[in-house]
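These notes concern the structure reproduced below.
The values are calculated or read from the model by the stated rules, or taken from the named source; none is laboratory data. For clarity, every value in this text was computed on a predicted model and none was experimentally measured. Cβ: placed from backbone, ideal geometry, glycine included. Neighbour counts: every protein chain shown. Side chains included, ligands, DNA and RNA excluded: accessible areas come from the protein's heavy atoms. Shrake-Rupley method; radii C 1.70, N 1.55, O 1.52, S 1.80 Å.
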Amino acid sequence: MHAFGAGWRRGGLLPALREAYDAYGYYRDRLSLSAVPDAGAESAAPFGLNPWTCVRLVPVDIAEGLLPDRSGASAPVSARPRSLTADPGIQRVDTPSGQYVRIEGETFLVTVDYALPEELIRGAASVAAPRA
């Protein structure tokens, strides 16, 4: 119903039906969180905040538990942090393998398809690690 309403506000009946159908297919699938060697360019593309895309935030400690082995530090990755216009307390960090966000000092990985690149998990974990 939410997707239908968002589609209706954006353009009327046909966009509303399209959004509702896409949402039904997405939520009907049995999605499970997983670590993948490389999620591909689509997952690495910066996410957009909008009323029709369900962005999931995964705590780093949960994501680390998905890694096949927890050993080995990752090499530093190039990251472009920026604060979101909607809330300057939320910082989105774009990397070549995907995004993570920092909210009041806590780090979360971002996913729509539930596939988290291993490189992204390791990179976010190194940022989230408490400083000694």
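Observations on the model:
Each row is one residue, and each column tells you yes or no for (1) open to solvent by 40 Å² or more (accessible area, probe 1.4 Å); (2) at pLDDT 80 or above; (3) in contact with an Asp or Glu (Cβ under 9 Å, 6 or more places away or on another chain).
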site	(1), (2), (3)
ARG70	yes, no, yes
VAL77	yes, no, yes
PRO81	yes, no, yes
GLN91	yes, yes, no
THR107	no, yes, no
ASP113	yes, yes, yes
GLU119	yes, yes, yes
VAL127	yes, yes, no
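- In segment 1-53, counting only helices (runs of 4 or more DSSP H) that sit wholly within it, the ones holding 3 or more residues that are at pLDDT 75 or above span 2-11, 13-28.
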